[in-house]
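Each remark here refers to the structure printed beneath this line.
Read-outs throughout are calculated quantities, based only on the coordinates presented, and are distinct from any laboratory measurement. Because the structure is a prediction, the values reported are computed rather than measured. So basically every Cβ, Gly included, is an ideal-geometry build from the backbone, and we count neighbours across all protein chains shown.
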C-alpha cells in the first residue's frame, strides 16, 4: 500500500510559487505561439472520387520500392496522424527507407453522403484507389496498410479481392469485437443503432468524440490539462500539445448508413468471428486473405486491446502471418519516439523480405 502524501505549509507554499511561475511564463509563451499546422510531408493529389482523395507523399529522395504502399485510415479521425509533424511521422520514416507511400483522405461527409454504405467505402473508394495504383504502376497487386477501422476495411477488401493485394499490414485493427476488455464494444452492443441513425442521420463528430473521451474521463478531461501547466514555459511542447488537440477535435461526421452497417455487422454481430459480414451483395470470409499479413497492435491500447487484434492469425487464410507487439497505446503507436524508431523500420523490413 502506498504511503500517504503529507502536505506541509512549506511544501504548499513552494507548490503555489511553482504554479505561479509556470502560469506567468505561460502568458509569454501563448503570446509567442504561431498557428499550429499538421502534415510534415509534401503531397500531391493523384486521384479523386467526390470528396475522397488519394494523395501521394513526396519525400526528399526517390523511392526505391517496386510496389506502392497505400494507407487506409479510419473514418472517425483525420488521417494526418500518420504524418503529424517532422519528428512524429511514420510517413516520413517510410519515405526515408525508400517506400512510395499513398494515403486515402475520406474528406468530411455532409448530408448528401447520408446513404453512403460500406460497399461505397470499401469497393468504390478503397477499391478505386487500389485500381488507380495498379493501373498507374502496371501491377496486378499493391501493398496495403490499414489502420484501426481502416484495417477492418482493408481486411474486407483483401478477402474480396486477394489477387489485388500483394502484402497486407494492419495496425491497431480489431477482429474480435466481443472481448471482455473492450469497453467501447460493450457500450456499442447495447445501442439501438437503427433508432440512433434514423434520428440523427449522419452521426455528429462531437458525439463520437465524447464517446471516446469518456472511456478515460480522468486522463482525457482533467489530467492532461493539469499537466499542461508544467510545459507552459516550453513553446515547442505547447505547440505539440495544441497540434494533438487540433487533431482530436478535427473529426468528420460519420455517414449514417455506413455507420449503421459497421456497428451492426462488426460491433454487435462480431461478424469476423461469427460470419455474416457482407459488402454489397458479397460475403466476406477472412479465410480468403491468403497474401502475407503483418498485424501490428499496441499493448496498452484502450480502444483496440491486443485481445481484439490477436485472433486475426487464426482467422486469415495466409500461411505467412506475422505479429508485432508495440509497447504503447492507440495514439502512441503513431507519434511516440519509440514508434518512430520501431514501426516504420519493421514495416519496411517486412515488405522488403517479401519483395515489396
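Remarks
- Pairwise FRET efficiency - residue 10 versus residue 195, Cβ, R0 = 45 Å, nearest 0.05: 0.15
- Each DSSP beta bridge with both residues in region 42-353 is either parallel or antiparallel, and the antiparallel ones are about 40%.
- Taking the C-alpha atoms only, the angle from helix 337-353 to the longest principal axis of the chain is near 20 degrees.
- Radius of gyration and maximum dimension Dmax of region 42-88, Cα, Å: 12.2, 32
- Per-residue [θ]222 nm for the chain (sum of -39500 (n - 2.57) over DSSP H runs n ≥ 4, rounded to 500): -11000 deg cm²/dmol
- Sequence-separation-based contact order of the chain, relative, with Cα cut under 8 Å and 6+ spacing, percent: 22
- Length gained on full extension, residue 228 to residue 248: 5.6 nm, using 0.36 nm per residue less the C-alpha separation.
- Antiparallel beta bridges, as assigned by DSSP with both residues in region 80-190, represent about 25 percent of the total such bridges.
- Put a dot 7 Å past the Cα of residue 112, heading toward its Cβ, do the same for residue 349, and the two dots end up 4.8 nm apart.
- Cα long-axis angle, helix 149-160 against the chain (0 to 90 degrees, to the nearest 10): 10
- Label separation (residue 187 vs residue 299): 2.7 nm, computed from points 7 Å beyond Cα along the C-beta direction.
- Where labels lie 7 Å past Cα in the beta-carbon direction, separation of residue 58 and residue 341 in nm: 3.3
- Labels on offer are (1) 36, 25, 21; (2) 38, 22, 20; (3) 28, 24, 21, and the one holding semi-axes √(5λ) of the Cα gyration tensor in Å computed from this structure is (1).
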